[in-house]
């Protein structure tokens, strides 16, 4: 029997599970496929219930990891193989090269002098990044990444002699012996380009709710200013389209739980920054669980906010980069054509495992959520199980950690 525990995924659920298990005296390995820990929470401007910036909660988690020698983590890493049985697993992990030296070196000056850029995946394509980069100011680990694919021809000579870059660093493969596994692979925003009738990917100034979070974030592409991507101007009117792809048999056949709350939160961003802007929220049902009904009441009280119960049938390009919506008002029984400066699609949460399969005996439902695996000593946490907010994600991480600890203790 191995006393060690593997956590697959370094988002909020995975970090919580790892810390809880380590503080109970177990060695824990975190495997995270991106260059940094923090997951989707790190990309938010603020999160419920306290509307804190992500650095607030994540910095606490990072400090606990720094101080606990029982936790080891591997970023840019993926599980590629599993052998053994419950209590005695051997896990194979592939680790991609970061291509920078192991100690923390400030490469900001080098990065600023590079010319080549590629779309910044952390900002969902709203910005460009250099070949040497960090995704966020509070990134953990506090190390840059070198991506040679982003270099321009002129950059090649500039980086060739830099002693802190390791362009030839090879990929590694490691083996870990663990007794139980926590799967905290999280979620990804539903691919908006599939929502062709809602203008996603083709209509300028029609963005997703996660792109809105990046616009509002101080570390985002605009320094926290909510502006139209097409021209950088403040929008005078914004529409939020709820259930964009959710509760739809052709896309996500379920409610993603947090989309209504996300739009209400983002409406407050707009009201704070652009108090004269006109905001419309088009919804099928507005779901504000428990005490969050207070947020709905607060938004309803804003004089420039309008709630419209009705389905948006079509989103298309208007003149001067405006966005034109065709909407059915379900209460008044009217079909309307309305024009806005910007539209935000409340796209749903799709489990990462819908596309990125793991080599684990892990039963999934038709949507990609984990439906079992506990008999094999494998426990799902966070949005790998179901759509959850940050608070409930942390709770599920704790629950999964306790189950994993019981497994390795032979209970």
(message) Exactly one condition in (1) loosely packed, with under 13 Cβ neighbours inside 10 Å; (2) assigned by TED's automatic domain parsing to the domain that holds residue 362 is false for residue 121; which is it?
(response) (2)
(message) Within region 213-327, considering only strands (runs of 3 or more DSSP E) that don't extend past its boundaries, which have at least 2 residues that are farther than 18 Å from residue 197 by Cβ, free of Cβ contacts under 8 Å to residues at least 60 places away in the same chain and in the same structural domain as residue 196 (by TED's automatic domain parsing)?
(response) 278-283, 305-317
(message) Being part of a strand (DSSP E or B), in contact (Cβ under 8 Å) with a residue 40 or more places away in the chain and crowded, with 18+ Cβ neighbours inside 10 Å is the requirement here; does residue 159 meet it?
(response) no
(message) For the structure I just gave you, tell me whether residue 368 is modelled with pLDDT of 95 or more, in contact with a helix residue (DSSP H, G or I) (Cβ under 9 Å, 6 or more places away or on another chain) and surrounded by 13 or more Cβ atoms within 10 Å (Cβ to Cβ).
(response) yes
(message) Suppose we filter region 319-345 for residues that are at pLDDT below 95, touching a strand residue (DSSP E or B) at 6+ places or on another chain (Cβ under 6 Å) and closer than 24 Å to residue 274 by Cα; how many remain?
(response) 0
(request) Among the residues of region 342-352, count how many are more than 22 Å from residue 287 (Cβ to Cβ) and either surrounded by 24 or more Cβ atoms within 10 Å (Cβ to Cβ) or in contact with a helix residue (DSSP H, G or I) (Cβ under 6 Å, 6 or more places away or on another chain) (or both). (result) 1
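The values are calculated or read from the model by the stated rules, or taken from the named source; none is laboratory data. All values reported here derive from a predicted model rather than from experimental measurement. Every residue, glycine as well, gets a Cβ built from its backbone with ideal geometry; the counts of neighbours run over all protein chains shown.
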